[in-house]
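Below is one structure, written out as structure tokens; the observations come after it.
The values are calculated or read from the model by the stated rules, or taken from the named source; none is laboratory data. For clarity, every value in this text was computed on a predicted model and none was experimentally measured. Quick reminder, even Gly has a Cβ in these numbers, built from the backbone with ideal geometry, and neighbours come from all protein chains shown. Quick note on the areas: whole protein, heavy atoms, side chains included, nothing else; ligands and nucleic acids left out. Shrake-Rupley method; radii C 1.70, N 1.55, O 1.52, S 1.80 Å.
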Amino acid sequence: MSRPRGTTVPTHETVAAVSTRPDLRRGDEGEGAGSKPLVFGVEDVSVYYGGFRAVRNVDLAIGQQEITAFIGPSGCGKTTMLRCFNRMNDLIPSARIEGTISYHGVNLYEDGVNPVEVRRRIGMVFQKPNPFPKSIYDNIAYGPRIARLDGDMDELVEQALRRAALWDEVKDRLKDLAMGLSGGQQQRLCIARALAVDPEVILMDEPCSALDPIATGRIEDLMEEIKSSYTIIIVTHNMQQAARVSDRCAFFTAEVNETSDTRTGILVEFDRTEKMFSNPADERTENYVTGRFG
Amino acid sequence: MSISAPLSSGISAEAVRRRLHGQRFDLPGIVVHVALLLSLLFSLVVLGVLVYDLVSGGWDVFASRFASFLSGTMRFAASESGIAQALRGTLWIGVFVVALAFPFGIGAAVYLEEYAPDNRLTRVIDINIRNLAGVPSIVYGILGFAVFVKTLSGLTGGRSVIAGGITLAILVLPVVIITAAEAIRAVPDDLRQGGYGLGATRWEVTRTQVLPYAAPGILTGTVLSLARALGEAAPLILVGAVVGRLGSNPGLFDIGSLDQRFTALPIVITYWAGLPQPDFRALTAAAIVVVLAIVLAANAAAILMRNRYESKRG
Ligand SMILES: Nc1ncnc2c1ncn2[C@@H]1O[C@H](COP(=O)(O)OP(=O)(O)OP(=O)(O)O)[C@@H](O)[C@H]1O
Ligand SMILES: [Mg+2]
């Protein structure tokens, strides 16, 4: 996807005009989400932090019950892009988004959308494990309690911990503080915490960067297993991981702007993972996935 | 060459040991260490002398007539004088500070840190609250006199403990706001992000993440400001605390007479300390010990509560 673009900020179609279109794919990424129904349509999205443009002109189509991987060098805007999907960037006062991201055809950024409702359906696991200073049990129960889910809480906690491959390690100390867990256990706890509210989409920002290969393998199995009921977007620096688990893969890179000497993230290529790793259309993708980047 | 055990490096273990054991003489380090220790000792010695002086000075009063000292009223004769009226005034000032300065102060801090947009207006307000904290207490006394004794005399009854209590609550309000805001600012942003990421609202994040984490810091700040309010004399004199003898002696919890003339421990201490009769010197020391005991008790309660919160924080 190396559509030529002007250097100026493009003007956008009005937000409302696109938001109701069922199919948001356009341009040359026609191979979009294939046969799967579309969950997210990303159209011409640019994100700014104050006057600094962190990513520009991104188009993506995220299919239901698919795993989409975001790969690319550090600082190219993967986290920034990921946080747009559940409006976490709203919490950064300087952050601003242009373009549209639609969720089942509804523009997430249109007037009247409540970010709290968005985040209940689109969960997130952060780059750095961030357990709450509460017990393991209360960490998992936090989301369900906030959402006032009814049902057997003990059961729910066990389920979530089992799915995140953590149950056996913590079942005898559910009342202990979560901060006492190892880094990898903390990250799995955060995954369990996100699963406990039963979201439709899970956004994972490098969930395995603090995990050993065995725990990583478990998380990958977990993703494979829950894929039938969740849509997952995962940011990863691990090429093998992207190749192993994802159905589709988006490669971002940072482009140096000659006039202002800032780096802006762009989406280089977005395609089926198989194709991205075996026969990418763009030379930059090929260099990156084969380790010849730079 | 085949891979086997590494060859001896040629440096003798003895030489390595000599280097590793080498003690470099670190003069600046030692000087700083001693200076820091001396500063601590200096503070401790000053405090110790002060407490010893007070306790030994007031000891006779406690030993001979502890109960009548606490329950007695202000008299001409030192042997009959007590601090009942002053205790009552100080107690109610504490109640006003806890009931007004704590909730409004913590509320303002939460608003500034969690709700207010980060813009110029917020920063200007923030700076002004810091400036208010530095305003001399006498200025608050003048404000209290003008507003609560004169303008709002219908509500406060004029020169009453109500006027005094509200004045001191306002006096410590900026300090409560600043310390609470400081504690809230120290809450790791990860916690907020985690809460929001699970679909919590702003109030839910504030209630379940921010306030529990900030509680120990908020507690420390509020109790210190309470101690400050209980020790203030100057603003109370301006709002009309009775310096000298006070006719009435209502009960400790007699709410109906809150709009009457009053006095408080720091006022009584100031008054007794200025009297020429040597007998009152012992009473002064005893009254100061009582103030210290109250402040210590408040601090101890705060420390206990803080430990409970901190052990949860992990
Ligand atoms: N809160 C922020 N305020 C200002 N600039 C930011 C903020 N967060 C990120 N940026 C900038 O946006 C750009 C993209 O950052 P981002 O965190 O999205 O990169 P990333 O691709 O996730 O990198 P990594 O792989 O290292 O996590 C960077 O130049 C970064 O400095
Ligand atoms: Mg990142």
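In whole angstrom, and with the biggest value first, how far do the Cα coordinates of segment B:179-314 range along each principal axis?
Computed over segment B:179-314, the largest-to-smallest principal extents equal 68, 30, 24 Å.
With only Lys, Arg, Asp and Glu charged, each at its Cβ (+1 for the first two, -1 for the last two), find how big the charge dipole of chain B is about the Cα centre; round to the nearest 20 debye.
200
Name the long-range amide H neighbours of residue A:63: under 5 Å, sequence gap of 5 or more, or other chain; modelled H, no Pro or chain starts.
Placed amide hydrogens put A:39 under 5 Å from residue A:63.
Per residue, how big is the convex hull around the C-alpha atoms of segment B:54-313? Give it to me in cubic angstrom, could you?
Dividing the Cα hull volume of segment B:54-313 by its residues yields 143 Å³.
If eta is 1.567 mPa s and T is 4 °C, what Stokes-Einstein diffusion coefficient results for the protein assembly as shown, Kirkwood Rh from Cα pairs, in µm²/s?
My calculation gives 44 µm²/s for D.
Starting from one equal scatterer on each C-alpha and no solvent at all, send me the Debye-based log10 I(q)/I(0) for segment B:82-198 at q = 0.12, 0.20 Å⁻¹, two decimals.
-0.55, -1.09
So what's the projected area for segment B:147-227, the Cα convex hull averaged over all directions, in nm²?
For segment B:147-227, averaging the hull's shadow over all directions gives 6.7 nm².
How many times 2.2 N^0.38 Å is the alpha carbon radius of gyration of segment B:1-94?
So segment B:1-94 has a normalised radius of gyration of 2.67.
Determine the relative contact order of chain A: mean sequence separation of Cα pairs under 8 Å and six or more apart, normalised by residue count, in whole percent.
Result for chain A is 24 percent.
How shielded is A:141-154 by partner chains, expressed as the average number of their Cβ atoms within 10 Å of its Cβ atoms?
Across the residues of A:141-154, the mean count of other-chain Cβ atoms within 10 Å is 2.
From largest accessible area down, sort B:115, B:196; use a 1.4 Å probe on the protein chains.
If we order B:115, B:196 from most to least accessible, we get B:115, B:196.
What angle, in degrees between 0 and 90 and rounded to the nearest 10, separates the Cα long axis of helix B:84-96 from the longest principal axis of the Cα atoms of chain B?
Orientation of helix B:84-96: about 50 degrees from the principal axis.
Out of every Cα-Cα pair in segment A:42-144, what percent are more than 15 Å apart?
That fraction is 68 percent.
Can you return the lysines within cross-link range of residue A:128? Criterion is Cα-Cα under 22 Å, with same-chain partners fewer than 8 residues away left out.
A:78, B:312
For segment A:140-152, just list the computed ³J(HN,Hα) in residue order, Karplus coefficients 6.51, -1.76 and 1.60, θ = phi - 60°, integers in Hz, with x standing in for Gly and Pro.
With the stated coefficients, segment A:140-152 comes to 5, 6, 4, x, x, 5, 4, 7, 6, 5, 9, x, 6 Hz.
Per residue of B:185-198, count partner chain C-beta atoms within 10 Å of its C-beta, then hand back the mean as an integer.
Taking all residues of B:185-198 together, the mean is 6.
Identify the GluC sites (Glu not before Pro) of segment A:144-219 meeting these criteria: DSSP loop state and at most 16 other C-beta atoms within 10 Å of the C-beta.
Qualifying residues, ordered by number: A:200.
Using only the heavy atoms of the protein chains and a 1.4 Å probe, how would B:160, B:39, B:9 rank by accessible area, largest first?
Largest to smallest exposure gives the sequence B:9, B:39, B:160.
Once both axes come from the Cα atoms, what is the angle between helix A:213-226 and the longest principal axis of chain A, in degrees from 0 to 90, rounded to 10?
On a 0 to 90 degree scale, this one is about 80.
Looking at chain B, which longest stretch skips every one of the trypsin sites (Lys or Arg not before Pro) that is in a DSSP loop with at most 15 other Cβ atoms within 10 Å, leaving the sites themselves out?
With trypsin sites (Lys or Arg not before Pro) excluded where exposed in loops, chain B gives B:76-244 as its longest stretch.
Cα-Cα pairs above 21 Å in segment A:135-294: how many percent?
54
Taking Rh as the Kirkwood radius, which is the inverse of the mean 1/r over Cα pairs, what is the Rg/Rh value for chain A?
Computed over Cα atoms, the ratio is 0.97.
Mind checking which of B:235, B:201, B:267 is farthest towards the positive end of segment B:173-314's charge dipole, using Cβ charges of +1 (Lys, Arg) and -1 (Asp, Glu) about the Cα centre?
Toward the positive end, the furthest listed residue is B:201.
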